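This report refers to the structure that appears directly beneath it.
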Amino acid sequence: MGVSKTQLFDQRQNEIAQIARVLAHPARVAILQYISRQDSCICSDLVEETGLAQATISQHLSEIKKVGLLRGNFQGRNLCYCIDTDRWNEIQGLFGSFFTRISSQCC
């Protein structure tokens with residue numbers, strides 16, 4: 001495997017690629033969809049909802065947190081998650097501006 005050459009690309013390109021990598025996994029999409037449909041932060045429902053092991057869920061949550069899409073807080077001994085709506089809006093704008101700048105010059 002080659003070494004990543006992220007330094008060749010600007011910050012915006014790297015950020016879009018990192019977010020896209022997180023969103024490219026169907027389990028992460030399912031986790032985000034489930035969390036976004038809840039009225040409050042969720043703690044332990046993800047294992048039941050997805051059918052994935054707790055350790056697997058934790059790994060996916062960690063990847064999602066790296067791009068700032070989740071906020072977590074402790075309720076008792078449980079760490080509960082919800083979507084960081086400010087960051088979600090920021091990401092929507094980032095992808096929106098990326099796709100609107102593509103010109104259609106195809107035949």
Worksheet, complete the sentence: Ranked output for segments 59-66, 84-91 by mean other Cβ atoms within 10 Å, highest leading, reads 59-66, 84-91
Fill in: Sites SER62 and LEU8, calculated FRET efficiency, Cβ-Cβ separation with R0 22 Å, nearest 0.05
0.25
Worksheet item: Stretch ASP86-ASP39 to full length: gain in nm at 0.36 nm per residue minus the Cα-Cα span?
Response: 15.2 nm
Worksheet entry | Principal axes of the chain: Cα extent on each, largest first, Å | 54, 35, 25
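Here, each number is a calculation from the coordinates, and none is a lab measurement. Since the model is a prediction, treat every value here as computed from it, not as a measurement. Backbone-built Cβ (ideal geometry, glycine too); neighbour counts: all protein chains shown.
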